[in-house]
Amino acid sequence: MGDVKQVIRQLRIQTGACKRLTNDLKMYIEEKNDYIKRLKSLEDSKADKYKIKTQRELLEETCAVLLDTYGKAKEAYAKLDKMMVSITNGGEETIQNSEEAKKAAAQLITTHGVLNPKKKQSVSQTSNNSNSDVDLKEGDFAKSRTVSVFGSSGLKEDSPIYAMAVKVGEALAKKGFHIVFINYYCKAKKIMF
């Protein structure tokens, strides 16, 4: 596995990278949730359209950065996990019992929890209408469990297209997919991340 000091150094570096990206991801998730609350408050109080538009743009920018950070955190997690598997399966006992290996294992658990949050009850689970026109089977989508939705603020809630989009979103959420809205604000109870 190489020089012990070099392996421990690489483990320390990768653990630090994973920790920084995990903290950034948590911060962007909190920021996104704050923007959603502010936007909802502005819409509920029928605030100036310019203020609402500005808040939407801030939310969109945060979501774009959040998605980028999520991808980087996922890569850092995979790299650290691969290092730990290699250390566990064939590494020297000195490395396996090192403080750096313990920190790396703890960071893997933390990062996994942020990348895979516990599922919240979705809108579809709270509604009484369990009949869905959208029927998804477990193997319908390959490996990806995240769906990004690009939307328009011009669509009204009484539109048939809007209703179908909600049904598709609910069906995907029931199957365990993460739904990420990219461009325009959707009601907070419909956003799952």
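ALA64: open to solvent by 50 Å² or more (accessible area, probe 1.4 Å), part of a helix (DSSP H, G or I) and either in contact (Cβ under 8 Å) with a residue 12 or more places away in the chain or among the small types (Gly, Ala, Ser) (or both), yes or no? Yes; evaluated as a whole, the condition is true for this residue. Evaluate the stretch 96-114: report whether one residue or more is over 30 Å from ILE8 (Cα atoms) and either touching a strand residue (DSSP E or B) at 6+ places or on another chain (Cβ under 9 Å) or at pLDDT 60 or above (or both). The answer is no; no qualifying residue exists.
Would you be able to tell me the number of residues in the stretch 90-112 that are under 17 Å from LEU25 (Cβ atoms) and surrounded by fewer than 12 Cβ atoms within 10 Å (Cβ to Cβ)? Counting residues in the stretch 90-112 that are under 17 Å from LEU25 (Cβ atoms) and surrounded by fewer than 12 Cβ atoms within 10 Å (Cβ to Cβ) gives 1. For the stretch 1-59, a tally of residues being closer than 22 Å to TYR70 by Cα, open to solvent by less than 40 Å² (accessible area, probe 1.4 Å) and free of Cβ contacts under 8 Å to residues at least 12 places away in the same chain returns 1.
So in the stretch 82-99, with the set limited to residues that are touching a residue at least 60 places away in the same chain (Cβ under 8 Å) and among the hydroxyl-bearing types (Ser, Thr, Tyr), which one is nearest to ASP3 (Cα to Cα)? Once the filter is applied, the top-ranked residue is THR94.
Filter the stretch 67-95 down to residues that are of a type in the set (Asp, Glu) and assigned to a helix (DSSP H, G or I) and give me whichever is farthest from VAL114 (Cα to Cα). Steps first, answer last, please.
Initially, the stretch 67-95 is screened for residues of a type in the set (Asp, Glu), giving 68, 75, 81, 92-93.
With assigned to a helix (DSSP H, G or I) added as a condition, the list becomes 68, 75, 81, 93.
On the way: ASP68: 15, GLU75: 13, ASP81: 15, GLU93: 30 Å.
That would be GLU93.
The values are calculated or read from the model by the stated rules, or taken from the named source; none is laboratory data. The structure presented is a predicted model; accordingly, all values stated were derived computationally and were not measured. Cβ sites come from the backbone with ideal geometry, for glycine too, and all protein chains shown count toward neighbours. Ligands, DNA and RNA are excluded from the accessible area calculation, which covers all protein heavy atoms including side chains. Shrake-Rupley method; radii C 1.70, N 1.55, O 1.52, S 1.80 Å.
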